[in-house]
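In what follows, a single structure is set out as structure tokens and then discussed.
The values are calculated or read from the model by the stated rules, or taken from the named source; none is laboratory data. Computed from a prediction, not measured in an experiment: that's the story for all the values here. Positions of Cβ are generated from backbone atoms using ideal geometry, with glycine treated the same way; all protein chains shown enter the neighbour counts.
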Amino acid sequence: MSRHPGGDGRWWRDAVLYHVYCRSFADSNGDGIGDLRGIVDHLDHLSWLGVDAVWLSPTFPSPNADWGYDVADYHDVDPDLGSLDDLDELVARAAERGIRILLDLVPNHTSVDHPWFREARGSRRAPRRDWYVWADPRPDGSAPNNWLDFSGAPAWTYDQPSGQYYLHNFLAAQPDLNWWQPEVRRTFDGILRFWFDRGIAGFRIDTANVIVKDRRLRDNPPARPGDHPLVRLHGQRRVFNAQRPEVHAVLRRWRRICERYRPPRLLVGETWFFDLPLLARFYGRHDEGIQLAMNFPFLFAPFQAAALQTVVRETEAALAPWAWPLWVGSNHDASRMATRWCRGEPARARCALLILLTLRGTPILYYGDELGMTDVAVAAEAVRDPLGRRGPDRPGRDAARTPMRWSPGANAGFCVVGATPWLPVGEGAGVDVASQRGRRASTLNLCRDLVALRRASDELRGGRYTLLPGPAETWVWRRGEGTVIAVNLGAEPRRVDGVHGRVALSTGRDRDGDGVRGGIDLVPWEGVVVVGGS
């Protein structure tokens, strides 16, 4: 099944992953909501692009308080997206093209509408009461501790009938499961096997670092001045309602299940924190941890040569020899890289793609990254994200979740003309698949060329990363022994000395095949791959 020569056992090391936000990829039935049939209909695009696996945002039935991240049933498909038969067909049709399908597992919490929670909140003596985190009020009736949810509000909701609070690290409609309960662990073992047996190649694990909570429910300490700004945002370090070392026992358990399948199934952790040594621990030892962990320090670094190379250097130093980096530039919870990093400028977006696809490790492309899609402004009355609905000071995440642009014209080919997309499509002349596919110099074709170059090169797939000297605002590194990547992330031309070989690819000019002897000149916001040197 693997497109790569490395075999199937560690296929994910050679792979390019592609993240599809299902509701926004392609609508097949005219209801304005992307669905599984829409993904099936566009598999040829993903095959042409060269991706190896597709991670789907949550597909489970959900009342959509948080658009699928509030799960009501872990063994089925949300009717808005299709059916189990549709998912089975997607897996089969993707496999015909050498593409694997990953699902999004949400183990930290369920929906309040999940049968487990409906039973649990029935009484203090309910059979599944201890499947969730409940606690008595403090003597004054306030919440059990100082924990805050992801928006900065209290992470506890009082349940009047039972006189206890339940925990929710996210919305009140998303009660946290109690991972100290053995039956919860056994139940999720079965959930993994259910999907693996249906041909699912693995899971992206939502909030993988949050699953297990402090058993004593201790208060979180205050944030420190040196903490990352996103850590300081709510004034406390989440060391007791997240980042618990006991989570690794859960992940090791799941990894053992993955290793019983052939090829082994993949676990990708959403490890949302900014401590790189802590990130390294999620890999465990050899086959004892997850295979890939998301690098949020990289995602949220400034798009500057010094800042990015520092994160990469520190990541390489933190990871053990058996661990494999994972690089992400955009996702459904963050502004798109073409906006956040690149200010909507195509030359910068092309440099971002080159960086993402030539670093040592596995890259994830977010749908539309290949086009240079930017964030889309969403009017207040059209906001769907619950975080964005909390007030004008909460921008929400809808801007990065708007529909994929397939063609020019009304609704950009996402859904039929006359249908109303669930989020606005926005405008973007030339930023669509049909317009860019036939234009050789387009961002889409550059992305495809980068994927193909990566596939053809042992050094780009597996060669070690070595930082090389370069002038200000440039980032220069070697992969293996003979492949050099040089990127000018500045507004002035720069010359990079000590480079030899031939240009395999440039983001900015038609110079493929040009010889390089002693150095190479880069225009502003240009990146090159030079091969054949030493």
Problem - Members of the range 274-293 found to be free of Cβ contacts under 8 Å to residues at least 60 places away in the same chain and outside any helix (DSSP H, G or I), listed by number - result: Phe274, Asp275, Tyr283, Gly284, Arg285, Gly289
Practice task
Return a yes/no flag: does the range 403-418 have any residue that is farther than 18 Å from Val54 by Cβ, in contact with a helix residue (DSSP H, G or I) (Cβ under 6 Å, 6 or more places away or on another chain) and free of Cβ contacts under 8 Å to residues at least 12 places away in the same chain.
Solution key: yes
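Looking for whichever is of a type in the set (Asp, Glu), closer than 19 Å to Trp48 by Cβ, touching a residue at least 40 places away in the same chain (Cβ under 8 Å) and touching a strand residue (DSSP E or B) at 6+ places or on another chain (Cβ under 8 Å) here; the options are Asp449, Asp432. Which one fits?
Exactly one of Asp449, Asp432 is of a type in the set (Asp, Glu), closer than 19 Å to Trp48 by Cβ, touching a residue at least 40 places away in the same chain (Cβ under 8 Å) and touching a strand residue (DSSP E or B) at 6+ places or on another chain (Cβ under 8 Å), namely Asp449.
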Practice task
Specify the residue that is nearest to Gly463 (Cα to Cα); the eligible residues are those in the range 484-534 that are assigned to a loop (DSSP other than H, G, I, E, B) and of a type in the set (Ser, Thr, Tyr).
Solution key: Ser534
Fill in the blank from the handout: By residue number, the members of the range 114-129 that are over 18 Å from Ala72 (Cα atoms), charged (D, E, K, R) and surrounded by 14 or more Cβ atoms within 10 Å (Cβ to Cβ) are Arg124
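In this structure, does Glu370 turn out to be more than 22 Å from the chain's Cα centre (by Cα) and either in the same structural domain as Asp510 (by TED's automatic domain parsing) or at negative phi (or both)?
On the way: more than 22 Å from the chain's Cα centre (by Cα): no; either in the same structural domain as Asp510 (by TED's automatic domain parsing) or at negative phi (or both): yes.
In short, no.
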Exercise for the section: Give the range 243-261 a look and list any residue that's among the charged types (D, E, K, R), outside any helix (DSSP H, G or I) and either surrounded by 18 or more Cβ atoms within 10 Å (Cβ to Cβ) or touching a residue at least 12 places away in the same chain (Cβ under 8 Å) (or both), or say none. Expected result: Arg244, Glu246
Exercise for the section: Collect the residues in the range 27-73 that are assigned to a loop (DSSP other than H, G, I, E, B), closer than 14 Å to Asp86 by Cβ, of a type outside the set (Ser, Thr, Tyr) and without any contact (Cβ under 8 Å) to a residue 40 or more places away in the chain, keeping them in residue-number order. Expected result: Asn29, Pro61
Problem - Hits in the range 487-532 (condition: closer than 17 Å to Val451 by Cα and at pLDDT 95 or above) - result: Val503, Ala504, Leu505, Ser506, Thr507, Gly527, Val528, Val529, Val530, Val531
Exercise for the section: Search the range 299-315 for residues that are at pLDDT below 95 and pair each with any residue that is part of a helix (DSSP H, G or I) when their beta-carbon atoms are under 6 Å apart and the residues are at least 6 apart or on different chains. Expected result: none
Problem - Single residue of the range 350-362 satisfying the filter (within 24 Å of Ala377 (Cα to Cα) and under 18 Å from the mean Cα position of the chain (by Cα)) that is surrounded by the most Cβ atoms within 10 Å (Cβ to Cβ) - result: Leu353
Practice task
Of the numbered conditions (1) over 21 Å from Leu266 (Cα atoms); (2) modelled with pLDDT of 95 or more, Arg204 fails exactly one; give the number of that condition.
Solution key: (1)
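Kindly establish whether Leu365 is crowded, with 20+ Cβ neighbours inside 10 Å, under 18 Å from Tyr465 (Cα atoms) and within 17 Å of the chain's Cα centre (by Cα). Give the derivation first.
Numbers: crowded, with 20+ Cβ neighbours inside 10 Å: yes; under 18 Å from Tyr465 (Cα atoms): no; within 17 Å of the chain's Cα centre (by Cα): yes.
So Leu365 fails the test.
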Problem - Residue count, the range 297-329 (criterion: under 21 Å from Asp14 (Cα atoms), under 20 Å from the mean Cα position of the chain (by Cα) and not in a helix (DSSP H, G or I)) - result: 8
Exercise for the section: Would you check if there is a residue in the range 127-144 being small (Gly, Ala, Ser), farther than 19 Å from Ala173 by Cβ and free of Cβ contacts under 8 Å to residues at least 60 places away in the same chain? Expected result: yes
Fill in the blank from the handout: Of (1) surrounded by fewer than 14 Cβ atoms within 10 Å (Cβ to Cβ); (2) closer than 24 Å to Asp44 by Cα; (3) not β-branched (Val, Ile, Thr), Ser442 satisfies every one except (1)
Practice task
Among the numbered conditions (1) of a type in the set (Gly, Ala, Ser); (2) surrounded by fewer than 14 Cβ atoms within 10 Å (Cβ to Cβ); (3) over 23 Å from Pro302 (Cα atoms), tell me where Ala412 comes up short.
Solution key: (2)
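Filter the range 84-128 down to residues that are assigned to a helix (DSSP H, G or I) and over 17 Å from Phe188 (Cα atoms), then give me how many there are.
16
How about the range 143-158: which of its residues are part of a loop (DSSP other than H, G, I, E, B) and on the phi < 0 side of the Ramachandran plot?
Taking the range 143-158 and keeping what is part of a loop (DSSP other than H, G, I, E, B), we get 143-147, 149-153, 155.
Correct list: Ala143, Pro144, Asn145, Asn146, Trp147, Asp149, Phe150, Ser151, Ala153, Ala155.
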Practice task
Inspect the range 455-475 for any residue being touching a helix residue (DSSP H, G or I) at 6+ places or on another chain (Cβ under 8 Å), within 21 Å of Cys342 (Cβ to Cβ) and charged (D, E, K, R) and give the result as yes or no.
Solution key: yes
